[in-house]
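Reading through the structure tokens given below for one structure.
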Amino acid sequence: MGRHLSATLKRAEEPLALGLVGAVLIVASLLPFVFLVVGLVRAPAELSAGMALLGSREPWFVFLRSVVSALAVALASVLVGVPLGLLLGCTDVRGRKAALILHAFPMFLPPFLLALGWFFLFGKSGLWGSEHSSSALFSLGGSVAVEALVFTPIITSLVALALQRIDPSLVEAARVAARPGRVATRILLPLAWPAAALGALVVFALSLSELGVPMFLRVRAYTAAVFARLGAVQYAPGEALVLTLPMLIVSLALLAMERRLIGPRSFAVLGLRAGEATVLPLGKWRPLGTIVAWAVALATLVPLVGLAWRARTGIAALQDWIGSGLQNSIVPAAIAATLLIGIAVVLGRAIALGRAGATALDALMVLAFVTPAAVLGVGLIGVWNRPATQTIYGSLAIIVIGFVARYAVLPTRTFAIAVAQASPHLEESARVQGAWFLRRLLRIVVPLHARAIAAAWLLAFVSCLRDLETTILFYPAGSAPLTVRIITLEANGPEPVVAALALVHVLVVAAALVAGALALRLRRAA
């Protein structure tokens, strides 16, 4: 009897662990969507008022303009990021690794910080500003340009990573019969299209969700319309709930596209690099390619010059203005990243091995990520802003829940890719020898993929650290993260102090990335 019970528990251990992770994701990610539907059904008066609002032309005009703007940002990012990813990913331009690292850095920063930097350069009182440059910046075109420069590194990095995985012998064979330009257009770019498609989808979702850039540049955006109805001036939560419906439809469409066009292909797109890198010689075009690659790569760093220039007189006053903003950013981000790693180890392994239920949970994570933060935020507010849950809603715990809901897919996919490309023989041997699931997980899977876990934790941490759109909707009173503190001070605070606070955030992210990179390098050397 005891042996039979032990065998039953052993078989149930893995499904129970996956079920526990699924329960966490359902509470964090699915309940907000359920609230959106149930909230509308149970509040016919608010539904009627909201539908009357949607029946007018104005909300649809702003919504369509936001969608078109996000499409323009995605298109611009692809047009720049794909050729740049080709140059930095597999050609012999000088210093391509350093250029790629510098170019990729801004994608880990809140986009509105880069908008601040451009303002300090080209605003009316900026370093190189004028009336004309300020007018160009504070426009729909300026907003699209700023976001495109922020999000282009996503396309560049994904394309470069995909191209680095190509078998070098394939390129060498093609070079025998074709010139480098033909090899690039006929072989390399077609092989990189899944990476470009994945990047375009991510950029579109992030741009549609973006709140800080359009708010700062005084451009009307649909996310801002939802946010305004959750504030004190136009407080109308029922209208905010109804206004999320068009964005929810777009989110479902993005999920369908990801499932149909990308899905499992992301494992190939983001897989581990081949042992020998593919290098396509540019020949006489190498000097020009190097200049172009470095010029475009460094263009994304230009706004940091503006931040540094404007912050030079505000650094001395940081102590009086920063408050607990830095702590309120780092602590929940670190806690959320740690929880997300626990989810990633169990669920990422299950996804890679095709376990039952893993695909559905993966789809839920993708939906939560591509859904505009305003939609997810409205749902989280509805679920947790209740008398029985005020202990959670009134503390940093609600920020952690928001981070888990929105960013679970990033570390989970990262870990799943590592597991999918590793040999399963060690774990299988341990299973045959009678090792229980948790023992195999802790003694074999985790040590074997320690570098992937560290990389996934770092990705989750900096993603939470850069977040504004999720936390600004429900951060507890007196516990504003640094990103929220900066954007609230931007309207009335001293410009040098705002720039100095933004520079602190930049330095914190840079320090986290450098420390993470060093840790990964030491782990590899060991």
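Sorted from largest to smallest, which semi-axis lengths in Å does the alpha carbon gyration tensor of segment 111-156 give for its equivalent ellipsoid, taking the root of 5 times each eigenvalue?
Values: eigenvalues 83, 24, 10 Å².
Over the Cα atoms of segment 111-156, the semi-axes work out to 20, 11, 7 Å.
If we count other beta carbons within 10 Å of each Cβ, what is the order of Leu79, Leu522, Leu31, fewest first? Walk me through the numbers on the way to the answer.
Values: Leu79 13, Leu522 9, Leu31 19.
Fewest to most other Cβ atoms nearby, the residues stand as Leu522, Leu79, Leu31.
What is the local net charge at Phe216, summed over the other residues whose Cβ is closer than 15 Å to its Cβ (Lys, Arg +1; Asp, Glu -1)? Show your work: numbers first, answer last.
Numbers: positive: Lys124, Arg218, Arg220, Arg310, Arg485; negative: Glu147, Glu210, Glu469, Glu490, Glu495.
Local charge sum for Phe216: 0.
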So for the pair Ile26, Leu507, with labels modelled 7 Å out along Cα→Cβ, what separation do we get in nm? 4.7
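Please give the contour-minus-distance gain from Ser125 to Ala308: 0.36 nm per residue of separation, less the Cα-Cα distance, rounded to one decimal in nm. Provide the component values of the computation, followed by the final result.
Numbers: separation 183, 0.36 × 183 = 65.88 nm, distance 1.50 nm.
Between Ser125 and Ala308, full extension yields an extra 64.4 nm.
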How large is log10 I(q)/I(0) at q = 0.14, 0.15 Å⁻¹ when the Debye formula is applied to the Cα atoms of segment 351-418, each weighted equally and without solvent? -0.51, -0.57
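Of the trypsin sites (Lys or Arg not before Pro) in segment 273-378, which ones lie in a loop per DSSP and count no more than 14 other C-beta atoms within 10 Å? Before the final figure, lay out each step's value.
Details: sites: Arg273, Lys284, Arg310, Arg312, Arg349, Arg355; in loops: Arg273, Arg312, Arg355.
Of the trypsin sites (Lys or Arg not before Pro), the ones in loops of segment 273-378 whose Cβ has at most 14 other Cβ atoms within 10 Å are Arg273, Arg312.
Where Rh denotes the Kirkwood radius from the mean inverse Cα pair distance, what is Rg over Rh for segment 308-438? Walk me through the intermediate numbers first.
Numbers: Rg = 20.1 Å, Rh = 17.8 Å.
Expressed as Rg/Rh, it is 1.13.
Starting from 0.36 nm per residue, how many nanometres of slack lie between Thr391 and Glu428 once their C-alpha separation is accounted for? Show your work: numbers first, answer last.
Working: separation 37, 0.36 × 37 = 13.32 nm, distance 4.39 nm.
Result for the pair: 8.9 nm of gain on full extension.
Summing +1 for each Lys or Arg and -1 for each Asp or Glu, what net charge is found among the other residues whose Cβ lies under 11 Å from the Cβ of Ala363?
On the way: positive: Arg259; negative: Glu258, Asp362.
Here the charged neighbours net out to -1.
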Suppose every Lys and Arg Cβ carries +1 and every Asp and Glu Cβ carries -1, with no other charges. What dipole size does segment 265-412 come out with about its Cα centre, to the nearest 20 debye? 320
Take Glu13 and Val279, extend 7 Å from each Cα along the Cα→Cβ direction, and tell me the distance between the two endpoints in nm. 4.8
What FRET efficiency, computed as 1/(1 + (r/R0)^6) with R0 = 25 Å and r the Cβ-Cβ distance, is obtained for Ala450 and Val331, rounded to the nearest 0.05? 0.55
Relative packing of 399-406, 14-21, which averages over residues the other C-beta atoms within 10 Å, highest first: 399-406, 14-21
Scoring only Lys, Arg, Asp and Glu (+1, +1, -1, -1) among other residues with Cβ under 15 Å from the Cβ of Arg94 yields +3
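Any read-out appearing in this document is the output of simple, stated calculations on the displayed coordinates, not a laboratory observation. Note that the coordinates shown come from a computational prediction; the quantities given were computed from them, not determined experimentally. Cβ sites come from the backbone with ideal geometry, for glycine too, and all protein chains shown count toward neighbours.
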